[in-house]
Amino acid sequence: MNKQVQQLDRVIIRFAGDSGDGMQLTGDRFTAETASFGNDLSTLPNFPAEIRAPAGTLPGVSSFQLHFADHDIMTPGDAPNVLVAMNPAALKANMADLPRGATIIADSDEFTNRNLTKVGYKNNPLEDHSLEGYHVHALSLTTLTVEALKDSGLTRKDAERAKNMFALGLLSWMYGRPSEGTEKFLAVKFARKPDIRDANIAAFRAGWNYGETTEDFAVSYEVKPARMPPGMYRNITGNLALSYGLIAGAQLAKLPLFMGAYPITPASDILHELSRHKGMGVRTFQAEDEIAAIGAALGAAFGGALGVTASSGPGIVLKQEAIGLGVSLELPMVIVNVQRAGPATGLPTKTEQADLLMTMYGRNGEAPVAIVAAQSPADCFDAAVEAIRLATKYRTPVFLLSDGYLANGAEPWQIPDVDDLPDLTVTFATETNHETEDGARTFWPYKRDPQTLARPWAIPGTPGLEHRIGGIEKADGHGNISYDPLNHDLMVRTRQAKIDNIAYDIPPLTVDDPSGQANVLVLGWGSTYGPIGAACRRVRQAGGNVASAHLRHLHPFPANIAEVLRNYDRVIVPEMNLGQLSLLLRAKYLVDVVGFNKVRGLPFSVGELTDAINDMINMLAEAQRVERSKRRKPLTPGAN
């Protein structure tokens with residue numbers, strides 16, 4: 001059957017169902033084939049924390065959104081063009097995001113009275129005309145799947161589990177996705193269960209053939225590959241890119257990498273990935289708790305390795321005492337914080353940026369650390385390399401901030417040329433560095449590099465370089481225990497100055513202001529990069545002038561940030577918290593920035609940021625109009 005093929009420049013698809021319906025796997029496979037096809041893409045997995053949330057309920061809905069296009073895109077998209085709803089709960093949970101005219105593909109077999117009642121539907125929305133504003137395809141996905149697998153020998157219950165592959169096959173046909181990769185993936189994934197392997201492949205093919213032959217779908221769609229800079233690309237998630245960045249950074253520093261971690265969502269993938277790379281000098285240690293994990297990482301740093309630990313909010317809280325010890329010891333260490341919604345256990349699978357102040361100030365005493373933040377899934381690689389550069393050069397713990405949105409999201413990543421990566425070679429102390437009054441040579445562990453203020457890093461056991469370190473204050477230079485008030489003041493100020501000086505070793509804050517006429521600046525950090533960038537594009541396309549800038553380094557800030565802030569009449573700071581960066585900017589630079597904040601466990605939509613920017617531009621324009629009007633107003637006769 002020959003069907004019409006319609007060209008599109010972009011599509012947003014959301015797969016939604018119970019957490020046991022395999023929506024994440026379905027979305028992952030569609031994403032992988034989309035990446036191999038050459039589209040630009042961005043994804044948003046969204047799932048409950050429970051391993052198996054209550055079936056058929058709104059809290060149990062798991063979804064995966066994919067935005068792919070024939071051009072550069074920056075976000076997973078605000079509103080899906082297509083919703084695949086595997087049950088009534090999936091439909092109801094996502095209807096608020098669905099614009100009129102969107103396509104709904106629903107498994108009508110699951111719209112039973114029992115399932116409808118469970119989520120509060122009094123009538124079946126597939127039959128009561130309440131969805132007349134949408135293109136609804138009510139398909140018996142479960143029945144079609146079971147029918148396709150009737151000769152497989154599986155029970156009906158087992159056969160039903162393959163309905164996500166039927167849906168994937170149908171969507172793959174609709175958008176011309178390659179099928180060979182998914183079939184190879186299924187063959188490998190279920191290699192030890194040949195009956196399940198064959199059933200999933202059969203269901204996938206059945207879904208594809210259904211789209212090809214049914215009259216329900218008269219049109220398929222084509223989204224051509226995106227034009228990207230020449231190079232080798234792969235699809236990558238934030239946690240995977242961050243893991244590769246840690247390995248690359250350790251290789252560039254010529255150090256063995258030691259990861260001490262305790263599993264926690266959404267950071268666990270980093271430990272899992274690093275454990276696969278023993279051949280790259282990586283050693284991983286799954287500790288009994290968070291404190292042991294960072295203690296082991298700090299010990300590894302003392303021994304001459306690159307010490308790394310990774311966790312999320314609650315785990316970082318437990319690590320703070322040891323991070324303070326790392327500040328005192330002045331040893332290089334990278335602490336990865338994949339932020340999630342808090343406080344306490346909070347929303348483990350939902351994203352947030354509310355750990356910035358804890359990262360800055362969450363330790364006792366004056367315990368400054370450098371802070372680096374990734375801005376996109378692929379950027380997690382570069383952020384990890386930068387964190388290692390700062391940690392090893394300045395002999396200090398460095399926080400590397402990611403979040404759940406970046407960790408689980410995916411996008412194309414241009415694999416870097418190794419020759420383009422920085423040389424981070426570390427030089428250990430190998431000889432004495434001080435001469436005493438009697439002429440003897442000795443080693444002073446706190447005799448600092450005059451430029452970086454970093455102390456020498458001597459591997460324990462190096463002959464002649466015996467020294468002591470610890471949590472009790474050390475004397476400047478020789479490092480013996482000291483209770484001298486003046487020495488403590490000096491050491492506190494020196495450790496702070498060491499971190500402050502990093503501001504002159506990082507790039508200045510760059511501003512994207514194409515017209516040069518903007519009086520509103522949007523300043524972000526972390527995962528707000530994509531929504532801010534897309535919103536600014538939208539404002540400019542409509543004729544507005546707006547500037548944007550994004551912070552890689554949160555502590556210290558770039559040296560020119562004060563100048564940038566004062567160049568604009570208004571500065572908007574969008575954050576997924578209640579204004580933590582805004583607080584720091586106001587306190588340090590006395591600039592009354594305007595916060596745009598939310599804590600709903602989801603990234604900003606482009607639409608809401610666009611509205612906020614336009615509101616600010618219009619407000620300033622009106623204020624300027626009123627001011628001009630006042631200046632033109634004639635003086636009252638007789639007035640002085």
(request) Could you pull out every residue, at least 5 positions away or on a different chain, whose amide H is within less than 5 Å of the one on I572? Hs are placed 1.01 Å off N in the peptide plane, and Pro or chain starts have none. (result) L521, V522, L523, V594
(request) Give the peptides 457-465, 73-81, 366-374 in descending order of average Cβ contacts within 10 Å, highest first. (result) 366-374, 73-81, 457-465
(message) Rounded to the nearest angstrom and ordered from largest down, what semi-axes does the equivalent ellipsoid of the stretch 1-93 get from its C-alpha gyration tensor (root of 5λ)?
(response) 26, 15, 12
(message) Between 0 and 90 degrees, rounded to the nearest ten: what's the tilt of helix 180-189 against the longest Cα principal axis of the chain?
(response) 70
(message) Treating only the Cβ of Lys, Arg, Asp and Glu as charged (+1, +1, -1, -1), what charge dipole size does the chain show about its Cα centre? Round to the nearest 20 debye.
(response) 700
(request) Would you grab the residues whose amide H sits under 5 Å from the one on I105? Only those 5+ places off in sequence or on another chain, please, with H modelled 1.01 Å from N. (result) L83, V84, A85, H137
(request) Please give the per residue accessible area of the chain, computed with a probe of 1.4 Å over protein heavy atoms only, in Å². (result) 45
(request) Find, to one decimal place in angstroms, the Kirkwood hydrodynamic radius of the stretch 54-119, where the mean of 1/r is taken over every pair of different Cα atoms and then inverted. (result) 13.0
(request) Count the net charge of all other residues whose Cβ sits under 15 Å from the Cβ of T31, scoring Lys and Arg as +1 and Asp and Glu as -1. (result) +1
(request) Using Cα positions and a limit of under 25 Å, work out the lysines in reach of K163, with same-chain residues fewer than 8 apart set aside. (result) K3, K92, K118, K150, K184, K189, K193
(message) Please list T345, T442, T182 from largest to smallest accessible area, probe radius 1.4 Å, with all protein chains kept in place.
(response) T345, T442, T182
(message) How large a share of the accessible area of the chain, in percent, is made up of carbon and sulfur atoms when the probe is 1.4 Å and the other protein chains stay in place?
(response) 51
(request) Relative to the longest principal axis of the C-alpha atoms of the chain, give the angle of the C-alpha long axis of helix 529-541, reported between 0 and 90° and rounded to the nearest 10°. (result) 70
(message) Nearest 10 degrees is fine. How inclined is helix 606-632 to the longest principal axis of the chain, computing both from alpha carbons?
(response) 70
(request) Round to the nearest 0.05 the FRET efficiency obtained for T213 and E50 when R0 = 30 Å and r is the Cβ-Cβ distance. (result) 0.20
(request) Please report the relative contact order for the chain, taking Cα pairs under 8 Å with a sequence separation of at least 6, and give it as a percent rounded to a whole number. (result) 11
(request) Multiply the residue separation of D72 and R600 by 0.36 nm, subtract the distance between their alpha-carbon atoms, and state the gained length in nm to one decimal. (result) 187.4 nm
(request) Count the net charge of all other residues whose Cβ sits under 11 Å from the Cβ of P76, scoring Lys and Arg as +1 and Asp and Glu as -1. (result) -1
(request) Can you give me the P(r) profile for the chain? Cα pairs, bins 10 angstrom wide beginning at 0, each as a whole percent. (result) 3, 14, 23, 23, 17, 11, 6, 3, 1, 0, 0
(message) Using +1 at the C-beta of Lys and Arg and -1 at the C-beta of Asp and Glu, which of P230, W208, A187 has the Cα lying farthest in the positive direction of the dipole of the stretch 151-291?
(response) P230
(request) Can you work out the PRE-style zone for D419? Point 7 Å along Cα to Cβ, and I want the residues of the stretch 252-289 with backbone N under 19 Å. (result) 252
(request) Note the full-extension length gain between R632 and L578 as 0.36 nm times their separation in residues minus their Cα-Cα distance, in nm to one decimal. (result) 15.3 nm
(message) Net charge within 11 Å of A322 by Cβ-Cβ distance, Lys/Arg positive one each and Asp/Glu negative one each, not counting A322 itself?
(response) 0
(message) Under 16 Å between alpha carbons, and skipping anything fewer than 8 positions from K254 in its own chain: which lysines qualify?
(response) K278, K393
(request) For the stretch 262-375, calculate the relative contact order in percent as a whole number, restricting contacts to Cα pairs under 8 Å that are 6 or more residues apart. (result) 24
(message) Expected output is a single nm value to one decimal: the length gained when fully extending between R586 and S515, i.e. 0.36 nm times separation in residues minus the C-alpha distance. What is it?
(response) 22.9 nm
(request) Express the relative contact order of the stretch 372-485 as a whole percentage, based on alpha carbon pairs under 8 Å and six or more residues apart in sequence. (result) 20
(message) Viscosity 1.306 mPa s, temperature 10 °C: what is the translational diffusion coefficient of the stretch 106-232 from Stokes-Einstein with a Kirkwood Rh over Cα pairs, rounded to a whole number of µm²/s?
(response) 96
(request) Tell me which residues come under 5 Å, amide H to amide H, from I236 once H is placed; ignore anything under 5 positions away on its chain. (result) E411, W413
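The values are calculated or read from the model by the stated rules, or taken from the named source; none is laboratory data. Note that this is a predicted model, so its numbers are computed, not measured. Counting neighbours? That spans all protein chains shown, and the Cβs are built from the backbone with ideal geometry, glycine included. These area figures cover heavy atoms from the full protein model, side chains too; ligands, DNA and RNA do not enter into them. Shrake-Rupley method; radii C 1.70, N 1.55, O 1.52, S 1.80 Å.
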